[in-house]
Amino acid sequence: MSNADIIDGKAFAEGLRGRVAELAASFEQAAGRKAGLAVVLVGEDPASEIYVRNKGKQTIACGMESMEHRLPADTPETDLLALVEQLNSDPAVDGILVQLPLPDHMDEQKVIATINPDKDVDGFHVISAGRLAVGQKGFVACTPLGCLMLLKDRLGDLSGLDAVVIGRSNIVGKPMAQLLLRENCTVTIAHSRTKDLPEVVRRADIVVAAVGRAEMVKGDWVKPGATVIDVGMNRLPPTEDKPKGKLVGDVDFAEVSQVAGAVTPVPGGVGPMTIAVLLRNTIVAAHRNAGLELAEDAI
Ligand code: GUN
């Protein structure tokens, strides 16, 4: 089998940010203010610091306002809840994102449940999950929505295709399955207890791997010509020339790219989509919260 096409998530994300920037400019004209995204970071987790910095930079680059709230790791939970309530009632704030993970003394579900679902641009609130499940307008978690955008860009209509999602997390696997179902795919959710996983994956026209196990999906698991989306971000053990360990996905890229029709690389595939979709969700939230029309297919 010939080599798969490489799905360029970095380029797609750049295009999406460009479309967000256009909508952000017209929003500012119409509303008389910039769309605003509030990001809350508790503590000093280094990975979270990097995410939050990148989110802030890209929000500003798209012509929206970034409001960052940094709280010390020992902040009482009640103070964080009070901040979220304040952001809920602030009309300049269209989207609220509380960076996860939170320190151990905080209840993440309780904090997320405090966010106004109409500002839940992360799509983590149970109301957002419920809206997705029953087909109401709401916000969808950024990573799975980004995966769906890449799939539709590649395949067009997904109706009738067999899709296998490997992983059942609340933030990727389950919403991914809901999105694919909404697109009329026949959806299987596979997980650590699935019997004969390679056989299940071989049935799929679309594979989304989101398990967090380095290079687990092998070439002989994949139907020739299938489209493979790799959500994984894993580090291999350090070596001389890669002292931090090579960054790899959940898919054995060298093998799968010999068999698949198209595959996302790691890095440069799904990764860049997450923040771009967050900005997309924020500009959609801004229009809805300001009562401004935004066509269903505007972005
Ligand atoms: N931590 C890592 N990724 C994310 C994300 O997309 N949203 C939030 N809130 N926290 C994260």
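Points to keep in mind about this one:
- Per-residue surface analysis assigns residue 216 an accessible area of about 30 Å², computed on protein heavy atoms at 1.4 Å probe radius.
- Residues in region 221-236 carry Karplus couplings, in order, of 8, 10, 5, x, x, 5, 9, 10, 10, 10, 8, x, 9, 10, 9, 6 Hz; the curve used is 6.51 cos²θ - 1.76 cosθ + 1.60 with θ = phi - 60°, and Gly or Pro positions show x.
- Separation between Cα centres of region 160-212 and region 229-280, rounded to whole Å: 18 Å
- Once the chain from residue 11 to residue 105 is taken as fully extended at 0.36 nm per residue, the excess over their C-alpha distance is 29.9 nm.
- Within-14-Å neighbourhood charge of residue 19 [Cβ basis; K, R +1; D, E -1]: -2
- For region 179-299, the square roots a ≥ b ≥ c of the C-alpha gyration tensor eigenvalues yield an a/c of 1.5 or more together with a/b not exceeding b/c, which makes the shape oblate.
- Exposed loop sites here mean trypsin sites (Lys or Arg not before Pro) with a DSSP loop assignment and at most 10 other beta-carbon atoms within 10 Å; the chain contains its longest site-free run at 1-136.
- Protein accessible area in region 1-112, 1.4 Å probe - carbon and sulfur %: 52 percent
- The longest part of the chain holding none of the exposed loop GluC sites (Glu not before Pro), meaning those outside H, G, I, E and B in DSSP with at most 11 other Cβ atoms within 10 Å, is 45-239.
- Carbon/sulfur fraction of accessible area - region 178-299, other protein chains in place, 1.4 Å, %: 50 percent
- Prolate/oblate/rounded label for region 229-299 (Cα gyration tensor, a/c 1.5): oblate
- Bridge orientation summary for region 102-215: considering DSSP beta bridges with both residues in this region, about 0 percent are antiparallel.
- Size descriptor for the chain, Kirkwood hydrodynamic radius: 20.0 Å (Cα pairs only, one decimal).
- Inter-site label distance for residue 57 and residue 184 at 7 Å from Cα along Cβ, in nm: 4.2 nm
- Simple spin-label estimate for residue 71 and residue 241 in nanometres, 7 Å along Cα-Cβ: 4.6 nm
- Global form of region 53-113, assessed from the alpha-carbon gyration tensor, a/c cut-off 1.5: prolate
- Stretching residue 295 away from residue 81 to a fully extended chain increases their span by 73.7 nm, per 0.36 nm per residue minus the current alpha-carbon distance.
- Modelled label positions at residue 255 and residue 199, each set 7 Å beyond Cα in the direction of Cβ, lie 1.8 nm from each other.
- Estimated vicinal HN-Hα couplings, Hz - region 199-210 in sequence order (Karplus 6.51, -1.76, 1.60; Gly, Pro = x): 5, 5, 5, 5, 6, 8, 7, 10, 10, 10, 9, 9
- Per residue value of the accessible surface for region 11-94 (all protein chains in place, 1.4 Å probe), Å²: 50 Å²
- Binned Cα-Cα distance frequencies in region 78-147 - 10 Å width, integer %: 20, 51, 26, 2
- Rounded to the nearest 0.05, the FRET efficiency derived from the C-beta distance between residue 21 and residue 134 at R0 = 35 Å is 0.60.
- Percent antiparallel among DSSP beta bridges (both partners in the chain, rounded to 5): 5 percent
- Along principal axes, Cα extents of region 1-152, largest first, whole Å: 55, 44, 35
- Cβ-defined net charge surrounding residue 270, 11 Å radius [Lys, Arg +1; Asp, Glu -1]: -1
The values are calculated or read from the model by the stated rules, or taken from the named source; none is laboratory data. Owing to the predicted nature of the structure, the values given are computational and were not obtained by experimental measurement. Cβ coordinates were reconstructed from backbone atoms using ideal geometry, including for glycine residues, and neighbour counts include every protein chain displayed. Areas reflect the complete protein model, heavy atoms only, side chains present, ligands, DNA and RNA absent. Shrake-Rupley method; radii C 1.70, N 1.55, O 1.52, S 1.80 Å.
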